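Enquirer: Encoded as structure tokens, here's the structure I'll be asking about.
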Amino acid sequence: MLLGAAEVGLRLHRPDGDISYRMSEQEYRFLPLELRRFGSASVVVIGSSRAREGVSIPVLRDKSAEPGSSRTYASYAIAAGRASETLLVAHHLVHAEPRPDLVLYGVEPRQLLSKGESLAAQRFMMLPRDWLRLRRQRGAWVDSTFGHSLRNALAGSLWLFRYEHVFREAAHRTRGGRWAELRKTLGKSSRLDRTPVRGLPTIWHLESPRKAGKSSTRQARRYLKRVTKGKPYTLDRDQFDRMRETVRVLQQAGVDVVLYEQPASAGLQAALPKTVMPEYHALMEELGDEFGVPYWTAEEMGIELRDRDWREHSHLNLRGATKVASALAESIVTPWLLEQR
């Protein structure tokens with residue numbers, strides 16, 4: 001009875017069933033619900049947070065605009081998304097109604113970084129079909145995520161499961177912080193005006209569009225040491241296979257795919273081992289040749305970035321994201337649109 005009353009109360013309070021979009025865990029939870037509810041945009045960007053912050057979706061839409069067209073644009077790039085996480089996004093996309101028409105896959109070396117397989121992030125957006133697929137591929141190692149996959153599936157129709165993580169997170173805060181957390185997520189005035197998943201600017205692009213910080217090689221090396229946990233920075237063939245599977249899954253669903261290089265800052269490139277960038281470009285050429293998809297480098301698209309275009313060594317600010325979006329529109333999206341006529 002109490003659970004039934006709580007479900008009714010939540011539905012009366014939030015009939016739209018929206019959850020606030022925030023980066024990290026909630027970002028993973030948000031995406032499957034959005035795709036199940038609204039389907040996919042027509043032209044989408046996938047990849048890691050570097051792609052999320054590295055492409056201004058409003059600019060991409062405006063620069064690629066077709067007169068009288070209702071074609072939609074969005075970014076489904078997610079925080080810390082290696083190739084394995086992006087593959088899961090691809091599976092959600094091909095089950096969406098409608099599916100995307102064109103996927104711009106923003107690729108960069110970190111997506112292939114060898115640091116061991118983990119389901120820590122994927123569990124927040126896995127559904128039972130994803131668990132079953134991974135179980136067949138990798139065995140009992142994925143069993144710990146089965147409960148998460150069931151909860152994620154139930155969140156599609158039951159508000160108690162949709163907002164379960166909100167109450168769990170609030171419970172770990174102080175009393176004042178607890179109510180602030182609940183108001184932020186469940187309040188009737190909470191808006192979804194900061195999400196590229198709906199074709200809008202990112203949180204950082206809205207809150208600090210001009211923030212810029214020169215990335216030194218020393219800072220970048222500290223960052224890489226933290227990311228690799230002190231181990232050598234090497235590219236993982238298993239992660240490359242996940243990237244190959246992503247392209248295969250999208251192509252089999254009739255989705256056009258284009259690979260593009262998500263630019264890296266000068267400081268970050270200088271901090272990487274000298275063999276990484278050549279190896280990465282060779283792998284992307286191999287991937288493009290295997291599936292017959294274009295691979296555009298930043299240089300080929302004419303992207304020229306300066307220190308003021310970077311928020312820090314990993315992510316672009318709005319100025320830099322505008323440059324990348326404009327280049328994508330000119331080099332890839334507009335020619336693709338002309339072919340569709």
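Enquirer: For the range 268-287, enumerate the residues that are among the small types (Gly, Ala, Ser) and surrounded by fewer than 18 Cβ atoms within 10 Å (Cβ to Cβ).
Expert: Ala270, Ala282 - these are the residues of the range 268-287 that are among the small types (Gly, Ala, Ser) and surrounded by fewer than 18 Cβ atoms within 10 Å (Cβ to Cβ).
Enquirer: List the helices (runs of 4 or more DSSP H) inside the range 116-197, counting only whole elements, that have at least 2 residues being modelled with pLDDT of 75 or more.
Expert: By residue number, 128-138, 146-154, 159-162.
Rundown of residues vs (1) crowded, with 18+ Cβ neighbours inside 10 Å; (2) at pLDDT below 95, yes/no style:
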site	(1), (2)
Arg14	yes, yes
Glu25	no, yes
Ser49	yes, yes
Ala65	no, yes
Ser70	no, yes
Ala90	yes, no
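Enquirer: Scan the helices (runs of 4 or more DSSP H) fully inside the range 6-106 and keep the ones with 1 or more residues being out of contact with any Ser or Thr (no Cβ under 7 Å at 6 or more places or on another chain) and under 21 Å from Ala153 (Cα atoms). If you could, list the steps in order and put the result at the bottom.
Expert: Working: elements: 25-38, 49-54, 57-63, 83-95.
Helices (runs of 4 or more DSSP H) meeting the threshold: 25-38, 83-95.
Enquirer: Could you tell me whether any residue of the range 27-40 is aromatic (Phe, Trp, Tyr) and without any contact (Cβ under 8 Å) to a residue 40 or more places away in the chain?
Expert: So far as the range 27-40 goes, yes, one or more of its residues are aromatic (Phe, Trp, Tyr) and without any contact (Cβ under 8 Å) to a residue 40 or more places away in the chain.
Enquirer: Looking at Gln239, Gln252, Gln219, Gln269, which one is over 25 Å from Leu328 (Cβ atoms) and polar (S, T, N, Q)?
Expert: It is Gln219.
Enquirer: Could you check the range 245-267 and list, in sequence order, the residues that are free of Cβ contacts under 8 Å to residues at least 60 places away in the same chain and within 16 Å of Ser48 (Cα to Cα)?
Expert: Ser265
Enquirer: Does any residue of the range 215-223 turn out to be at pLDDT below 80 and in contact with a Ser or Thr (Cβ under 9 Å, 6 or more places away or on another chain)?
Expert: Yes, there is a match, as at least one residue in the range 215-223 is at pLDDT below 80 and in contact with a Ser or Thr (Cβ under 9 Å, 6 or more places away or on another chain).
Enquirer: Just to verify a result, which residue in the range 72-82, among those that are surrounded by fewer than 24 Cβ atoms within 10 Å (Cβ to Cβ) and of a type in the set (A, V, I, L, M, F, W, C), is modelled with the highest pLDDT?
Expert: Step by step, filter the range 72-82, then rank; the result is Ala79.
Enquirer: Here are Arg306, Arg319, Arg244: which of them is in contact with a Pro (Cβ under 8 Å, 6 or more places away or on another chain) and among the basic types (Lys, Arg)? Working first, answer last.
Expert: Working: Arg306 fails: in contact with a Pro (Cβ under 8 Å, 6 or more places away or on another chain); Arg244 fails: in contact with a Pro (Cβ under 8 Å, 6 or more places away or on another chain).
Going through Arg306, Arg319, Arg244 in turn, the sole match is Arg319.
Enquirer: Something else: May I ask you to verify whether Leu112 is farther than 16 Å from Pro201 by Cα, without any contact (Cβ under 8 Å) to a residue 12 or more places away in the chain and either in contact with a strand residue (DSSP E or B) (Cβ under 6 Å, 6 or more places away or on another chain) or surrounded by fewer than 16 Cβ atoms within 10 Å (Cβ to Cβ) (or both)?
Expert: Values: farther than 16 Å from Pro201 by Cα: yes; without any contact (Cβ under 8 Å) to a residue 12 or more places away in the chain: no; either in contact with a strand residue (DSSP E or B) (Cβ under 6 Å, 6 or more places away or on another chain) or surrounded by fewer than 16 Cβ atoms within 10 Å (Cβ to Cβ) (or both): yes.
No: the conditions fail for Leu112.
Enquirer: Under the condition of being in a loop (DSSP other than H, G, I, E, B), polar (S, T, N, Q) and within 21 Å of the chain's Cα centre (by Cα), which residue from the range 274-324 is nearest to Asp62 (Cα to Cα)?
Expert: Per the stated criteria, the residue is Asn317.
Here is a yes/no grid of residues against (1) more than 28 Å from Lys211 (Cα to Cα); (2) in contact with a Lys or Arg (Cβ under 6 Å, 6 or more places away or on another chain); (3) buried (at least 20 other Cβ atoms within 10 Å of the Cβ); (4) of a type in the set (Lys, Arg):
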site	(1), (2), (3), (4)
Leu305	no, no, no, no
Leu316	no, no, yes, no
Thr322	no, no, yes, no
Ala325	no, no, yes, no
Leu338	yes, no, no, no
Arg341	yes, no, no, yes
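Enquirer: Suppose we filter the range 45-70 for residues that are within 20 Å of Val324 (Cα to Cα) and either more than 10 Å from the chain's Cα centre (by Cα) or without any contact (Cβ under 8 Å) to a residue 24 or more places away in the chain (or both); how many remain?
Expert: Qualifying residue count, the range 45-70: 13.
The values are calculated or read from the model by the stated rules, or taken from the named source; none is laboratory data. These figures come from a predicted structure and were not determined experimentally. Glycine also receives a Cβ, built like all others from the backbone with ideal geometry; neighbour counts cover every protein chain displayed.
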